[in-house]
1. Between segment 1-73 and segment 86-107, what's the alpha-carbon centroid distance in Å?
2. What distance in nm separates the simple spin-label points at ARG75 and THR173, each placed 7 Å from Cα in the Cβ direction?
3. How long is segment 8-169 along each principal axis, judged by its Cα atoms, biggest number first, in Å?
4. When you count, for each residue, the other Cβ atoms within 10 Å and take the mean per peptide, how do 124-136, 142-154 rank with the highest first?
5. Report the full-extension gain for the segment ASP116 to ALA87: residue separation times 0.36 nm, less the Cα-Cα distance, to one decimal in nm.
6. Pull out the extension gain between ARG135 and CYS100, defined as 0.36 nm times the separation in residues minus the alpha carbon to alpha carbon distance; nm, one decimal.
7. Distance in nm between label sites at THR107 and HIS23, each 7 Å beyond Cα in the beta-carbon direction?
8. Can you list the GluC sites (Glu not before Pro) in segment 1-52 that are in a DSSP coil and have 15 or fewer other beta carbons within 10 angstrom?
Amino acid sequence: MDQPLIDRRTVHEEMDRARDEFHELLGGASDAGLRGPSAETRWTNGQLLYHMLFGYLVVRALLILVHLLGRLPDRASRGFARTLNAATRPFDVVNYWGSCIGATAFTRRRLAWVMDRTVATLHRRLDHETEASLRRGMHYPTRWDPFFKDYMTTLDVYHFATQHFDFHARQLTLDPHRKPGDHDQHN
């Protein structure tokens, strides 16, 4: 079996970095900046920030799926992924409007609190995973997100949230001095 490209410690560190960056982005954004358009999406910066948080929230559901479907024969998750791929258009609509609506329901304070709580929960869950459970995996709908691979392990699912976060962080237009991909440490 191939060695994973990431490990548990790396996933913990990247979640902490993303959480800190999320706080920095929220704290440094003006109200006008949050209402402003993001780059390469139809979302405002505020809606995109909500969507970035939502990526971490989704991981909690994905972990349930991988723990259940990962124990079944391969064809079960392959069929599940095929079904979800067939429903990509409705998913895209729900994904878009969900972030539009979600952003209106959350204040900055609530966004920060949910991010903190979600990352803390993911840290605890990751700490309790066995090596065997981290290697367990299933098939995913590759048309739903560019970071979904055909087959992902539990560890890949934890890593997905930060891949998703980093991708969308580059689309924010909150700070004109920020370079795409900058991940400064929050002091």
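Readers should treat all values here as calculations from the given coordinates under stated rules, not as data from a laboratory. Only a predicted model underlies this, so the values are computations on that prediction, with no experimental measurement involved. Positions of Cβ are generated from backbone atoms using ideal geometry, with glycine treated the same way; all protein chains shown enter the neighbour counts.
1. 15
2. Taking the two extended label points, one gets 5.0 nm.
3. 51, 35, 22
4. Top of the packing list down: 142-154, 124-136.
5. 7.3 nm
6. Working: separation 35, 0.36 × 35 = 12.60 nm, distance 3.50 nm.
Full-extension gain reported as 9.1 nm.
7. 1.8
8. Taking segment 1-52 and a limit of 15 other Cβ atoms within 10 Å, the loop GluC sites (Glu not before Pro) found are GLU40.
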